[in-house]
Amino acid sequence: MSDEPCILVTGATGVVGVAVVRDLLRRGYRVIASYAHSESVAVALHDEGSPGCLETVQADLTHPDDVARLVGELGAHKIPVAGFVHAAALVDHTPMADLEPARFGEVLSVNVTAAYALARSLAGFGALESVVLLSSIGSEFADLGSVAYTASKGAVDGLTRALASELAPVRVNAVSPGVVRSHRTALDPILSGPEFTQRIPLKDLVDPAALADVIAFLLGAGARSMTGQILRVDGGHSLRLL
């Protein structure tokens, strides 16, 4: 690992993570992409024509020891992490009657606790300028069978505001997407159907690339006066849920 400033992206092999990493590479950033399991996807993240530099590191954020190891590796190599994007997330739709407390804690460990631990540690390195956390409109508009996910994303919203206050002048913001277009939504007859998208003012699911654009903006100088904000990127979907 070199000592050039970089952006750390967790959950780099998920739908949002892949879009964010590729977008940042195209913009010329040095990116350290953290992934839990999909090594083949992580290796394939870099487009040959991208001017940026990609490094990958495996870390399962459900395990505190892996979080500590990731921080330790960055610290040992004196990596100046200027930006941190927490795209790692566990999405769980288990009904409450079937949701074991251990699984509830696992969802919070990835979606919230790892975000806190990494932001806190990276701020201590002294190079951190901007943090972007991944929330969801589900933090405000709960659906049945989403108790763990809804609770975790509500906590992300609160964490965003608290970290923005605690870590200043490091900027901390969050993006709050609606339903993001993915292979999973393509296979879902409801989410992929016209009846669902017609309820969204912009008539479409969230494009991961559009979400990556907003994240890149929050990382950059254009958002230098923004902190503690939670930006909905949902095509107006939440307007119909109020």
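The values are calculated or read from the model by the stated rules, or taken from the named source; none is laboratory data. What you are looking at is a predicted structure, and each value in this text was computed from that prediction instead of being measured. Every residue, glycine as well, gets a Cβ built from its backbone with ideal geometry; the counts of neighbours run over all protein chains shown. When the accessible area is computed, the model is the full protein with side chains, heavy atoms only, and any ligands, DNA or RNA have been set aside. Shrake-Rupley method; radii C 1.70, N 1.55, O 1.52, S 1.80 Å.
The condition (being more than 18 Å from the chain's Cα centre (by Cα) and either under 18 Å from Val85 (Cβ atoms) or not β-branched (Val, Ile, Thr) (or both)) is satisfied by just one residue among Leu118, Leu167: Leu167. I'm checking my understanding of the structure. Among residues of the stretch 19-40 that are in contact with a helix residue (DSSP H, G or I) (Cβ under 7 Å, 6 or more places away or on another chain) and of a type outside the set (S, T, N, Q), which one is surrounded by the fewest Cβ atoms within 10 Å (Cβ to Cβ)? Result: Arg27.
Scanning the stretch 41-51 for residues that are in a loop (DSSP other than H, G, I, E, B) and either closer than 20 Å to Leu211 by Cα or open to solvent by 60 Å² or more (accessible area, probe 1.4 Å) (or both) yields a total of 7. Among the residues making up the stretch 4-29, a single one is over 14 Å from Ala216 (Cβ atoms) and free of Cβ contacts under 8 Å to residues at least 40 places away in the same chain: Thr13. Listed by first and then second residue, the pairs with beta-carbon distance under 6 Å, at least 6 apart or on different chains, first residue in the stretch 126-139 and free of Cβ contacts under 8 Å to residues at least 60 places away in the same chain and under 13 Å from Glu166 (Cα atoms), second open to solvent by less than 10 Å² (accessible area, probe 1.4 Å) and of a type in the set (A, V, I, L, M), are Val131/Ala119; Val131/Val172.
Taking the listed residues Leu163, Leu167, Leu134, Leu128, the one that is closer than 18 Å to His237 by Cα and not basic (Lys, Arg) is Leu134, with no other qualifying.
The helices (runs of 4 or more DSSP H) falling completely within the stretch 183-242 that include 2 or more residues that are more than 29 Å from Pro5 (Cβ to Cβ), open to solvent by 20 Å² or more (accessible area, probe 1.4 Å) and at pLDDT below 85 map to 183-187.
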